[in-house]
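Step one of this worksheet: look at the structure below.
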Amino acid sequence: MTICLYDPQFGYYTTRAPIGAKGDFITAPEISQMFGEMIGVWVTSNWYELGEPTAFHLIELGPGRGTLMKDVLRVLEKNPQLCAGLSLKMVETNPHFRAMQAEVVKGFDCQWFDGIEAALLGEAPFILIANEFLDCLPIKQFIKTDTGWHEWQVIIDENDRLNFKFADATQNPPKPVDVEAQVGTIVEIATALPAIIEAISKALRANNGMALFIDYGYFKGETGDSLQALHKHEKVWPLSHIGEADLTAHVDFAVIAETALEQQIEIIGPKTQREFLLEMGVEVRAQALCTANPARENEIKNDLSRLIDHDQMGDLFKAIVLKFTKVL
Ligand code: SAH
């Protein structure tokens, strides 16, 4: 997954800007401005909760085309006092996306980073947002067989093609795992996830702030194969379009919650995207947009459905907030 997504010459995220109708996949901010606006509302209310800091960082992980940030900033601009102390930090490896983001943040103080750790350095409180970032993290898969747990690995087979195969040597059961699991059970581990959450938690403890993650995934580690490859909006076999398909896996929100709690960070959620957006007032916003643009009413209502309906993004996508606001 690491090579497919990030190889400097051929990696999926190095060679293209794949989001949108002409790309491979679409994300919530690209569906409707309401998504980013609700996150803008969330950022604003947390800025008040932080005590209206005169300097603070807004960090975004994996901002893509910058659409989410554009909609967030439109909300924040209603509050000149907040904007006066605002500096932006974008964690983005993709040069094509960086160029698009630069257009969006014109006029704002903004810095780009390749990695999360460097973006977290600083003394001021921060608010961090990340939509569909964690699903890009490479995973390992383990399968329970008659002979125990085996890692499911990528090999070059006898026909010189990429293929999947059980590792010969039985691996130690991955954690967390039910040792009584039935033969055929698949467990996935996003190996980098705990370290990322730990680093963000430590930075929150040092400087005060909040982090919001929205992604598709599980409330609590479920079993099964969620590795998915998307090419031009179609699901393809993960080994068939190397470097040309988006590779993702479901995010286990329980790992985020447990890691943050171990670091004495308060958590809110995980809850569904539907609950989060309704709490932020997305229906009120949709109504206001319809009133202002009667000709677009159907489109606006349709977009709202895509974001919050149970059988669309509403339940599959989850939101979790990590928070630390001890007065220094
Ligand atoms: N948040 C955007 C884009 C999601 S796609 C949206 O909702 O539309 C994933 C984004 O994360 C892309 O911008 C991709 O280039 C970036 N990305 C993926 N893995 C990354 C990594 N390891 N470090 C930095 N950026 C990464």
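The values are calculated or read from the model by the stated rules, or taken from the named source; none is laboratory data. All of these numbers come straight from a predicted model, not from anything done at the bench. FYI the Cβ positions are ideal-geometry reconstructions off the backbone, even for glycines, and counts take in every protein chain you see. These area figures cover heavy atoms from the full protein model, side chains too; ligands, DNA and RNA do not enter into them. Shrake-Rupley method; radii C 1.70, N 1.55, O 1.52, S 1.80 Å.
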Tabulated pairs, the stretch 79-106, first more than 27 Å from residue 2 (Cβ to Cβ) and among the hydrophobic types (A, V, I, L, M, F, W, C), second within 12 Å of the ligand (Cβ to nearest atom) and not in a strand (DSSP E or B), C-beta under 6 angstrom, 6+ apart or interchain | 104/66; 104/69; 104/70
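Would you mind stating whether residue 23 is in contact with a strand residue (DSSP E or B) (Cβ under 9 Å, 6 or more places away or on another chain), within 13 Å of the ligand (Cβ to nearest atom), part of a loop (DSSP other than H, G, I, E, B) and at pLDDT 95 or above? Explain how you work it out, then say what you get.
Details: in contact with a strand residue (DSSP E or B) (Cβ under 9 Å, 6 or more places away or on another chain): yes; within 13 Å of the ligand (Cβ to nearest atom): yes; part of a loop (DSSP other than H, G, I, E, B): yes; at pLDDT 95 or above: no.
So residue 23 does not fit the description; no.
For every residue, the table says whether it meets (1) within 16 Å of residue 135 (Cβ to Cβ); (2) near the ligand (Cβ under 9 Å from one of its atoms); (3) at pLDDT below 95.
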{"position": "15", "(1), (2), (3)": "no, no, yes"}
{"position": "47", "(1), (2), (3)": "no, no, no"}
{"position": "79", "(1), (2), (3)": "no, no, no"}
{"position": "91", "(1), (2), (3)": "yes, yes, no"}
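Looking only at the stretch 153-181, how many residues end up being at pLDDT 90 or above and either touching a strand residue (DSSP E or B) at 6+ places or on another chain (Cβ under 9 Å) or within 16 Å of the ligand (Cβ to nearest atom) (or both)? Talk me through it step by step, then tell me what you get.
First, the residues of the stretch 153-181 that are at pLDDT 90 or above: 153-165.
Checking which are either touching a strand residue (DSSP E or B) at 6+ places or on another chain (Cβ under 9 Å) or within 16 Å of the ligand (Cβ to nearest atom) (or both) leaves us with 153-157, 162-165.
Selection size over the stretch 153-181: 9.
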Where residue 275 falls short, out of the listed (1) modelled with pLDDT of 95 or more; (2) closer than 20 Å to residue 1 by Cα; (3) open to solvent by 40 Å² or more (accessible area, probe 1.4 Å) | (2)
Residue 86 fails exactly one of the following numbered conditions: (1) within 28 Å of residue 300 (Cα to Cα); (2) more than 16 Å from the ligand (Cβ to nearest atom). What is the number of that condition?
-> (1)
With (1) open to solvent by 30 Å² or more (accessible area, probe 1.4 Å); (2) in contact with a helix residue (DSSP H, G or I) (Cβ under 8 Å, 6 or more places away or on another chain); (3) over 18 Å from residue 212 (Cβ atoms) as the list, and residue 41 as the residue in question, which single condition is left unmet?
-> (3)
Show the residue pairs that are 6+ apart or on different chains and have beta-carbon atoms under 6 Å apart, the first residue being within the stretch 126-140 and closer than 15 Å to residue 60 by Cα, the second being of a type in the set (S, T, N, Q) and part of a loop (DSSP other than H, G, I, E, B).
-> 132/27
